[in-house]
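Notes to accompany the following structure.
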Amino acid sequence: MKKGLLLLVCLFPVLTTSAQESNIKSSVQDVEAKVDSLLSIMTLEEKVGQMMQYSGTWDLTGPATGDQNQYREERLKQGLVGSMLNVLSVDATLEAQKLIMENSRIKIPLMFGYDVIHGHRTMFPVPLGETASWDLEAMEETARISALEAAADGVNWTFAPMIDISRDARWGRIMEGAGEDPFLTSRVAEAKIRGYQGDDLSNPASIAATAKHFAGYGFAEAGRDYNTVHVGDNELHNTILPPFKAAAKAGVATFMNAFNDLDGTPATGSKYLQRDILKGDWNWDGFIVSDWGSIAEMRDHGFAEDLTHAAEIAVKAGSDMDMEGGAYETGLVNLVKEGKVDEALIDDAVKRVLRVKFKLGLFEDPYRYSDPEAIKKINFDEHRQVARDVAKKSIVLLKNEKNLLPLVASAKNIVVIGPLADDKDTPIGNWRAQGEANSAVSILEGVRNAVGKNAKVTYAKGADLGMGERSFLKPLKINTTDKSGFKAAVDAAKKADVVILALGEDAFQSGEGRSQVNIGLAGVQQELMQEIYAVNKNIVLVLQNGRPLEITWAAENIPAIVVAWQLGTESGNAIADVLFGKYNPSGKLPVSFPRAVGQEPLYYNQKMTGRPSNPTDVTYSAYTDERNDALYPFGFGLSYTTFEYSDLQLSAEEMESGRNIEVSVKLTNTGSKKGKEVVQLYLRDLVASTTRPIIELKGFELVELEPGASKTVTFNIGTELLEFYNANKEWAAEPGQFEVMVGGNSKDLKTAKFRLK
Ligand code: NOJ
């Protein structure tokens, strides 16, 4: 036996004996000592192996790299692979893990990563939709359930949450994040990480989470996926990085870097982002996985000559693991041998990977996620209830003229129309993990379940979306002109008391690589809506969408509009809960809805500019053919009751540095139904060493009130809420005047002022 191997046997009895015999404790010092010992006996090849990730072929989420199964199996047997993605099922993960554990010299278990983005088998609303609930507990709960289900399928690592600030509705991946606001996204990031990872990563019901994509990916120029990002330090630190900083602080196990270049440097090759900020300033000790092939893609960026050069750049910049790129595999060992890369950098990366594996408890039991009994213990019915609950909370009521909603008992003759009306697949959304195709409750089914025999429900599709085959990788056609179904739909609408019109986006119309220059209703949907409107104005428009849509005509003409995103497994039932008043809608937009696509990127927390718009002159920052503001602003959403804000008070007019100030406001339910309101706190720093946004979210609270009831909501403003990345390139609160704004959306606000001394 080689010396190294003997040492290993002494330190890690578990590696040669069964899991049951092991009693390794996972305290921090323990983990560090084990990591160091293990590292000390690894060969350079074995170390570099830990920095590699292969994809399985179970569910391809990137361009296939050809059939290399035989070769890869050999690499696994030699223990030269650190993790795999897209390997699904207990059996498959068991098989791959065994290749390592039964054949390799040092038996370092694999991690199995997968994009568990909004549910694993039970599907929850797409992240943008779920964020509209502003319900952090619910978001934590859905992550916990997703982790439980994924873990029972052999997965111990999710590539979520995506916390890219996204302000551009043209960018298809806007559906995958928490919207346009750094404060809200930061809170969502923390909730999701708590949900996936729990208190203890070694709990087999917990999985490692990933904060992605580091950084700037959501700012792709013109909303075109993977496109260049032009962002300066001010925007980077004040807008893009805060959710990542919150994730690092919350103990997220891994980060994923990004495809885009940022101010001239591919994020994957950015030392500034990875070594200086994340691992340096923030002192974060997890590991960074590249995005799919993003190390190799530095050749396409024109930033690396070849794979070896790309590997050199990436490892020096701090990318620890190469996802499906082949660069580390091709170049890293030789780079070290030739002295071009210091082995200390390899050691640092490997330590980071091992640390997470120890924390996951994989050394105690490499098969802990391969328990065939685990899936049988899951109560899927309970998970469906949670899915319905969070789905109804995510629905946003945009318009409700003459209280058309909720639909009352007198609506005896209901017609459900539209390409998405009986679509059981679209609510499952993109990034559906193991969510089964066509398994959601459709709107039609939900409506029928809700009304039973109390009303007549008819259905007419009206038109198809014409998208062709639904698949993650295949392009969509969005060009149908077929109106042959219109007549039946119009005839049905003529006879109805009310029309529920289900329009919006196909499941795969948003998501990765789904950028669009048009964000209106695709195909013939707009025409269908107008023809129905011509015969029956009692229309409730239910939108299913993964991005903000351009719905200006509908906003002007249709009396009731509901945004129902892609709500997951229980979608139709949740929508019916809202339409028939079983649930009083409480969702608020996490992203602005534009008046026209030309406003994009559109976001509420803009800067003032030197020429704020002026309606009497053209030489101001305004469009000549459209208003500047959103059609429906960030934070907006109606209820079946009404809320009034009054008595905005500050505990003082001046705030000492390092002290707090309290803002209170009285919220009254002035309507006739019990309802929930998201009370939102915004701030503005009036004069600062850099220009500052005119308004920024800094707090929120969900409040439920009976009709006539009031509650005083108090927010505590500490100095940290006033801090920003300033002209000296440091986070600081600068003395001066601040405006405080409180209200139910980012536009209708009560204001007060205080001064920071
Ligand atoms: C590429 C995506 O950008 C990333 O978010 C995802 O996790 C990987 N593919 C793996 O599927």
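The values are calculated or read from the model by the stated rules, or taken from the named source; none is laboratory data. These numbers come from a predicted model, not from an experiment. Every residue, glycine among them, receives a Cβ derived from its backbone with ideal geometry; neighbour counts consider all protein chains shown. When the accessible area is computed, the model is the full protein with side chains, heavy atoms only, and any ligands, DNA or RNA have been set aside. Shrake-Rupley method; radii C 1.70, N 1.55, O 1.52, S 1.80 Å.
Of the residues making up the stretch 121-142, just one is part of a helix (DSSP H, G or I), within 16 Å of the ligand (Cβ to nearest atom) and hydrophobic (A, V, I, L, M, F, W, C), namely Leu128.
Checking each residue in the stretch 285-334 for being within 16 Å of the ligand (Cβ to nearest atom), acidic (Asp, Glu) and buried (at least 19 other Cβ atoms within 10 Å of the Cβ) picks out Asp291, Glu297, Asp320, Asp322, Glu324. Count of the stretch 217-231 residues, restricted to those that are away from the ligand (no atom under 13 Å from the Cβ) and of a type in the set (Gly, Ala, Ser), is 2. For the stretch 153-177, how many residues meet the condition of being basic (Lys, Arg) and within 15 Å of the ligand (Cβ to nearest atom)? Of the residues in the stretch 153-177, 1 are basic (Lys, Arg) and within 15 Å of the ligand (Cβ to nearest atom). Taken over the stretch 192-212, the residue count meeting the criterion of being within 16 Å of the ligand (Cβ to nearest atom), out of contact with any Lys or Arg (no Cβ under 9 Å at 6 or more places or on another chain) and of a type outside the set (A, V, I, L, M, F, W, C) is 3. Of Leu476, Leu501, all but one fail to be touching a strand residue (DSSP E or B) at 6+ places or on another chain (Cβ under 6 Å) and of a type outside the set (Val, Ile, Thr); the exception is Leu501.
Which of the residues that make up the stretch 442-482 are open to solvent by 90 Å² or more (accessible area, probe 1.4 Å) and assigned to a loop (DSSP other than H, G, I, E, B)? Within the stretch 442-482, Lys453, Asn454, Glu469, Leu473, Lys474, Pro475, Lys477, Asn479, Thr481 meet the criteria. Of the residues making up the stretch 487-501, those that are surrounded by 18 or more Cβ atoms within 10 Å (Cβ to Cβ) and closer than 14 Å to Val524 by Cβ are Ala489, Val490, Leu501. Looking at the stretch 355-371, is at least one residue under 28 Å from Asp276 (Cβ atoms), within 16 Å of the ligand (Cβ to nearest atom) and open to solvent by less than 50 Å² (accessible area, probe 1.4 Å)? No: zero hits.
If you go through the stretch 357-367 and keep only what is in a loop (DSSP other than H, G, I, E, B) and over 11 Å from Thr93 (Cα atoms), you end up with Leu360, Gly361, Leu362, Phe363, Glu364, Asp365.
Residue by residue, here is whether (1) touching a Pro at 6+ places or on another chain (Cβ under 6 Å); (2) outside the structural domain of Asn430 (by TED's automatic domain parsing); (3) within 21 Å of Val386 (Cβ to Cβ); (4) free of Cβ contacts under 8 Å to residues at least 60 places away in the same chain holds:
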{"position": "Ile532", "(1), (2), (3), (4)": "no, no, no, no"}
{"position": "Arg547", "(1), (2), (3), (4)": "no, no, no, no"}
{"position": "Glu556", "(1), (2), (3), (4)": "no, no, no, yes"}
{"position": "Pro559", "(1), (2), (3), (4)": "no, no, no, no"}
{"position": "Asn584", "(1), (2), (3), (4)": "no, no, yes, no"}
{"position": "Leu589", "(1), (2), (3), (4)": "no, no, no, no"}
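Annotation for the stretch 548-557: no member residue is aromatic (Phe, Trp, Tyr) and buried (at least 19 other Cβ atoms within 10 Å of the Cβ). Would you confirm, using the coordinates I've provided, whether Lys340 is of a type in the set (Lys, Arg) and assigned to a helix (DSSP H, G or I)? No.
Taking the listed residues Leu262, Leu278, the one that is among the aliphatic types (A, V, I, L, M), open to solvent by less than 40 Å² (accessible area, probe 1.4 Å), closer than 15 Å to Thr210 by Cα and at pLDDT 95 or above is Leu278, with no other qualifying. Within the stretch 521-577, being part of a helix (DSSP H, G or I) and among the acidic types (Asp, Glu) holds for Glu527, Glu531, Glu556, Asp577. Filter the stretch 131-177 down to residues that are farther than 24 Å from Asn257 by Cβ, open to solvent by less than 10 Å² (accessible area, probe 1.4 Å) and of a type in the set (D, E, K, R), then give me how many there are. Residues meeting the conditions: 1. Is it the case, given these coordinates, that Pro615 is under 30 Å from Phe700 (Cβ atoms) and in a loop (DSSP other than H, G, I, E, B)? Here the answer is no, as Pro615 does not meet what is asked. Listed by position, the helices (runs of 4 or more DSSP H) enclosed by the stretch 1-120 that each have at least 3 residues that are at pLDDT 70 or above are 28-40, 44-50, 69-77, 90-103. For the stretch 265-275, give me the residue count where each residue is within 16 Å of the ligand (Cβ to nearest atom) and open to solvent by 10 Å² or more (accessible area, probe 1.4 Å). Result for the stretch 265-275: 0. Determine whether the stretch 636-659 contains at least one residue that is touching a residue at least 60 places away in the same chain (Cβ under 8 Å), open to solvent by 50 Å² or more (accessible area, probe 1.4 Å) and under 25 Å from the mean Cα position of the chain (by Cα). Among the residues of the stretch 636-659, at least one is touching a residue at least 60 places away in the same chain (Cβ under 8 Å), open to solvent by 50 Å² or more (accessible area, probe 1.4 Å) and under 25 Å from the mean Cα position of the chain (by Cα), which makes the answer yes. Checking each residue in the stretch 335-351 for being in contact with a helix residue (DSSP H, G or I) (Cβ under 7 Å, 6 or more places away or on another chain) and open to solvent by 70 Å² or more (accessible area, probe 1.4 Å) picks out only Lys340. The residue of the stretch 178-191 that is most open to solvent (accessible area, probe 1.4 Å), among those that are touching a strand residue (DSSP E or B) at 6+ places or on another chain (Cβ under 9 Å) and away from the ligand (no atom under 16 Å from the Cβ), is Arg187.
Tell me, please, whether a residue that is in a helix (DSSP H, G or I), within 26 Å of the chain's Cα centre (by Cα) and closer than 20 Å to Gly251 by Cβ can be found in the stretch 368-386. Checked the stretch 368-386: no residue is in a helix (DSSP H, G or I), within 26 Å of the chain's Cα centre (by Cα) and closer than 20 Å to Gly251 by Cβ. Residues being over 33 Å from the mean Cα position of the chain (by Cα) and not basic (Lys, Arg): count how many of those fall in the stretch 331-361. Selection size over the stretch 331-361: 11.
Within the set Ser89, Ser55, the sole residue that is in contact (Cβ under 8 Å) with a residue 40 or more places away in the chain, on the phi > 0 side of the Ramachandran plot and open to solvent by 10 Å² or more (accessible area, probe 1.4 Å) turns out to be Ser89.
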